[in-house]
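What follows is a single structure, written as structure tokens, with notes after it.
The values are calculated or read from the model by the stated rules, or taken from the named source; none is laboratory data. If you're wondering where the values come from, they're calculated on a predicted model, not measured in any experiment. Methodologically, a virtual Cβ is constructed for each residue, glycine included, from the backbone with ideal geometry; neighbour enumeration extends over all protein chains shown. To get the accessible areas, we keep the full protein, side chains included, count just its heavy atoms, and leave off ligands, DNA and RNA. Shrake-Rupley method; radii C 1.70, N 1.55, O 1.52, S 1.80 Å.
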Number of protein chains: 2
Amino acid sequence: MRRMVQEAYAIGVDFGTASARTLLLDLRSGDELAVSEFAYPHGVIVDILPETGERLPSDWALHEPADYMVVLERGIASVLAEAPGAAPHVIGIGVDATCCTVLPVTDAGVPLCDLAQWRGRPHAWAKLWKHHAAQPVATRLNEVSVERNEPFLARYGGRISSEWYFPKLIEIWLEDRESYDASAGFIEVTDWVVWQLSGHERRSSCPAAYKALWSEAGGIPSDEFFQAAYPGFSQPGAKLGDVFFPLGTSAGPVRRELADKLGLPANVAVAVGNVDSFVSFPGVGAEGSDTYVMVIGTSICDMVVHPQEILLAGITGVAKDGILAGLYGYEAGQPAVGDMFGWFADNLAPAGGSGSSLLPGLERAAAALAPGQTGLVALDWWNGNRSVLADADLSGVLVGLTLQTTAVDIYRALLESTAFGNKAILDNFVEGGLQLREIVACGGLAEKSPLLMQLIADISGLPVKVPESSQAPARGSALFGAVAAGADFGGFATISEAARALQPSVKQVYTPDPAATATYGAVYKIWKDLHDTLGHTHPTWMHDLKRLKRLAATS
Amino acid sequence: MRRMVQEAYAIGVDFGTASARTLLLDLRSGDELAVSEFAYPHGVIVDILPETGERLPSDWALHEPADYMVVLERGIASVLAEAPGAAPHVIGIGVDATCCTVLPVTDAGVPLCDLAQWRGRPHAWAKLWKHHAAQPVATRLNEVSVERNEPFLARYGGRISSEWYFPKLIEIWLEDRESYDASAGFIEVTDWVVWQLSGHERRSSCPAAYKALWSEAGGIPSDEFFQAAYPGFSQPGAKLGDVFFPLGTSAGPVRRELADKLGLPANVAVAVGNVDSFVSFPGVGAEGSDTYVMVIGTSICDMVVHPQEILLAGITGVAKDGILAGLYGYEAGQPAVGDMFGWFADNLAPAGGSGSSLLPGLERAAAALAPGQTGLVALDWWNGNRSVLADADLSGVLVGLTLQTTAVDIYRALLESTAFGNKAILDNFVEGGLQLREIVACGGLAEKSPLLMQLIADISGLPVKVPESSQAPARGSALFGAVAAGADFGGFATISEAARALQPSVKQVYTPDPAATATYGAVYKIWKDLHDTLGHTHPTWMHDLKRLKRLAATS
């Protein structure tokens, strides 16, 4: 039973790849009173370590952790300034971040790279989800887990990703033992921000379950497993901990001095940290098991919930209570989407323009083409494949190029490849027994690319709904803040109740065009054959190309 | 025995895809006294028929035949103006052209499209070698020839190309019967120019043997064969004729009024027409069976000669006396080379530049990369595959794309793909029993792309020699002009003698780098697997993409 108070607000902060969005939500009306966005001062660090100018190897991607608190403070100050009078009635804060984005910290929670003696060590910085240099570790862990027939594999579609917790942790152990030994913990950014906000280390069960191979029933994989893969790597949970808090619980109130600094009242509840994708599920108002939610931005994360645990190949993970309490939450995804379109604009843009300013024009021109007209088919593996192949060493493919092919043809083929990849993921869920009736799409590209939305509808044959909120993750985090505050204080008892009560309206529905669906059915057959041949039967071709590239770079 | 005269010169004219080159050769010294180049006023017509503005279907490529005589007259006037005093001592003219580039003509040799009532008919114009719209006809002829086990197939590597004479002829018969019926002949451009020069229709045996399925022993394929493929298409040789003249013979002297107009003496011998690629073989001074000659420009033509007839799969053709008298001449090739690099510069050039002006910069940047460093592998099928798959409906492929891939990486991958395709062709000859010891490369890219030459050397493991002459075809045509004039008049008795006597010096030798050869050996394994999978085992994937593209364009 929710206690109706005069006014109640919650704040959600969503830490993305390049920036953080902060949202102030009115818990009576569901109105988004203010939204702000601030880019990380150091951006994404891929080429050169800021401290030393040292060149980073390929596949690296770092963050400066101090940036998180800088943009959090700016973001909260900004939304409170936009809604005068709201600050005293804020009851909760929720945060979410990209995942697995992790950093080594001292036992006081100080990032290792913020200490002068470690600042020149690349491994002391925060590693972004798309840092892929731990692929050899992931490959080794996969081999050993298959050899040992480890039971945890079934929860992760049969494969561990290089983006996850243990590959990144063991990468440090292998390559910079001193940084490894000097750190007391290795922690998700979402959990680290909650620690900074509340003063308490309260790690969330959600990233642990999806990215650190943890389950409530079985804990993390055994010491024997890790020792078999990496002799000498013992106490695998030492830097992870073994107490995890469920989503929606409170980590405690905002620290008093920080609350004062931000102009917040006392006792603002801080929700346990969440993951940017999962938090979008209630953010868009989804709560049923026939809804497939896509968060479409730099990459795509797909989510469904279901009362039963179904062990599917090719998903990223399944965890009980991982998305909504009481249900199994399933995750799948595509690792290069907006990144791939941006790559195209940056590197292969038609003469006379440059970068992302070209994207609206490319979208308009690509929308003028008919299904099948490009003569092209692409595999969207610019950043490897997450679902359903789970192989980060796969790479992108373009087939069908002729002397008549234009840049616009290729751009449309990249959009189509995203929608084909999505169909493979959907089909995998349906073959596993889920009955999906609609797609709800959120994230930057759900707003910016109507063509991509129409292609997803045409190629999947399902309607695609885009909700009114453009900030589904921050909205979802605000809802979790309201749940952490509790119904007695103007919040909610459960996240499902919050999602139902404050469901955003639908801004746009994309309905499949039957003629386009038929044509794309024929293209999809070719796509699927290429996908299976290059990704499943002969992955060594792409693996060898990457190996030769690494050799060339080091010789 | 060659009679030594005071002064003797020959002129060679080489009709390419976009322009014609004219060369004045000193037959005593071998010096190239003057070279000129003139673009066709109407260029290559691919989009719109000049007369009507009618949009041409995809895969079409036309020429305006009047352009040939315009550039011939300009070219000869230009070289004679550069070498004052030479004109009275010119003894012969040879011409060569792209092949199969063919046009319908009246019995007086007037191009059908130059008659007012046919000018609005696309099928009345000259069809360029790279006009590929007759692929369905080629496919049908291939099916029927396999069903009937036609003996001629063995001379053409087992497949008829859509670029050849009968597919193009039957295309008119099927699609514009009136134009077909109105034409008395369907003739190669090289033969048509010889007719215009000499006043005599003297068709050459060389294009007939390589492109019209003709052999001295067996003539053209039977009426029954054509009737089986296309009931009603009878008298297949009616527009081809059945008398063909060997290379090096004279079609007669230049017509008097034309000689006067050009400032040439009486009795300048006009050699029977030749093909731009084949004429380059003596043009570079080659005459032995261990030399592999590559003409590298818009496309690549590869040639070898051998005393025996070896029936190889995957070559374009073999004909006795087709290149040099007394030897079997073998042809193979790659249909998109300079065209593919130009396509890249035109369509996917980095921001801030455009078109072919970017190529030198791309070449320099690509040359700075090491073997294997791009992480990419490409199949160079932008214009289909000629050798060793002979399938015009294949299309280009890029594999290995990542978010780190640059435009320069892709450009280098395109250069490498050309060299990989060449290795497949070389290997096919070697497996057939030929012993090849060196590559002689000529054509525009042999001069303009040292990187491509080095890649061909590294990937094949053979040295690549580039001769001093940048106009091998025009030089070769001039030699045939000298042979047509005969030894008694300051020319030569045979083309082999001419090639030996006037062999150009070597400008540059590219030697394989063993480390690069080793790395590319590993990349070639991947390339070959992709080549076989996409081109041989599953060609329907690309065929279906093209079919869907055609459907989309017509709906």
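Quick look at the values:
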| quantity | calculated |
| --- | --- |
| Long-range amide H partners of A:GLY252 with built H, under 5 Å | A:VAL270 |
| Rg/Rg_globular for region A:177-236, with Rg_globular taken as 2.2 N^0.38 Å and Rg from C-alpha atoms | 1.30 |
| Gain on full stretching of the segment that runs from A:GLU7 to A:HIS536 - 0.36 nm per residue minus C-alpha separation | 184.9 nm |
| Residue-averaged beta-carbon neighbours from other chains (10 angstrom radius) around A:388-401 | 5 |
| Proximal lysines to A:LYS507, defined as alpha-carbon separation beneath 24 angstrom and excluding residues fewer than eight positions away on the same chain | A:LYS423, A:LYS448, A:LYS465 |
| Sorted peptide list for A:76-87, B:184-195, criterion being average Cβ within 10 angstrom, highest first | B:184-195, A:76-87 |
| Copies compared at B:ILE48 - label distances in nm, ascending, label defined 7 Å from Cα in the Cβ direction | 5.0 |
| Over region B:2-62: Kirkwood hydrodynamic radius from C-alpha pairwise inverse distances, Å | 14.5 |
| Solvent-accessible surface (1.4 angstrom probe) belonging to A:CYS206, in square angstrom, nearest 10 | 0 |
| Per-residue average of Cβ from other chains inside 10 Å of A:337-346 | 2 |
| In Hz, Karplus ³J(HN,Hα) per residue of region B:476-484 (6.51, -1.76, 1.60; θ = phi - 60°; x = Gly, Pro) | x, 4, 4, 4, 5, x, 5, 5, 4 |
| Copy-to-copy label separations for A:GLY326, where each label sits 7 Å from Cα toward Cβ, in nm and ascending | 9.6 |
| Percent RCO, i.e. relative contact order, over chain B, from Cα pairs under 8 Å lying at least 6 residues apart | 17 |
| Accessible surface, per residue, of chain B when the full set of protein chains is kept, probe 1.4 Å, Å² | 34 |
| Cα shape, region B:411-487, gyration tensor, a/c 1.5 rule | oblate |
| Relative contact order (%) - criterion: Cα under 8 Å, at least six apart; region: region A:241-285 | 41 |
| For the protein assembly as shown, convex hull of alpha carbons as volume per residue, Å³ | 174 |
| Listed residues B:THR537, B:THR249, B:THR101 arranged by accessible area, highest first, probe 1.4 Å | B:THR537, B:THR249, B:THR101 |
| Order by protection proxy (mean Cβ within 10 Å, highest first), peptides A:208-217, A:32-41 | A:208-217, A:32-41 |
| Quarter of the Cα convex hull surface for region B:266-400, i.e. its orientation-mean projected area (nm²) | 12.3 |
| Residue order for B:HIS200, A:HIS536, B:HIS63 - accessible surface, 1.4 angstrom probe, largest first | A:HIS536, B:HIS200, B:HIS63 |
| Dimensions in Å of chain B - Rg and Dmax from alpha carbons | 22.6, 68 |
| Backbone HN-Hα couplings from phi across region B:306-315 [Karplus 6.51/-1.76/1.60, Hz, Gly and Pro as x] | 7, x, 9, 8, 10, 8, 9, 6, x, 8 |
| Phi to ³J(HN,Hα) by Karplus 6.51 cos²θ - 1.76 cosθ + 1.60 over region A:235-248, Hz, x for Gly, Pro | 6, x, x, 4, 9, 9, x, 10, 10, 10, 10, x, 4, x |
| Long-range amide H partners of B:ALA34 with built H, under 5 Å | B:LEU24 |
| Candidate residues A:ASP242, A:ASP529, B:ASP47, A:ASP391: accessible-area rank, largest first, probe 1.4 Å | A:ASP242, B:ASP47, A:ASP529, A:ASP391 |
| Per residue convex hull volume, Cα atoms of region A:225-304, in Å³ | 213 |
| Prolate/oblate/rounded call for region A:461-555, Cα gyration tensor, a/c under 1.5 rounded | oblate |
| Rel. contact order, % - alpha carbon contacts under 8 angstrom, at least six apart, region A:465-555 | 26 |
| Across the identical copies, how the B:VAL146 labels are spaced - nm, sorted shortest first, 7 Å along Cα→Cβ | 3.6 |
| Whole-percent carbon and sulfur share, accessible surface of region A:142-219, 1.4 Å | 44 |
| Estimated translational D of region A:1-147 in µm²/s (Stokes, Kirkwood radius over Cα pairs; 10 °C; 1.306 mPa s) | 90 |
| Probe 1.4 Å - accessible area at A:ASP176, Å² to nearest ten | 20 |
| Other protein chain Cβ atoms within 10 Å, averaged over every residue that makes up A:510-523 | 1 |
| Percentage, to the nearest whole number, of Cα pairs in region A:362-505 over 26 Å apart | 41 |
| Interchain or long-range residues, amide H under 5 Å from B:LYS320's placed H | B:GLY329 |
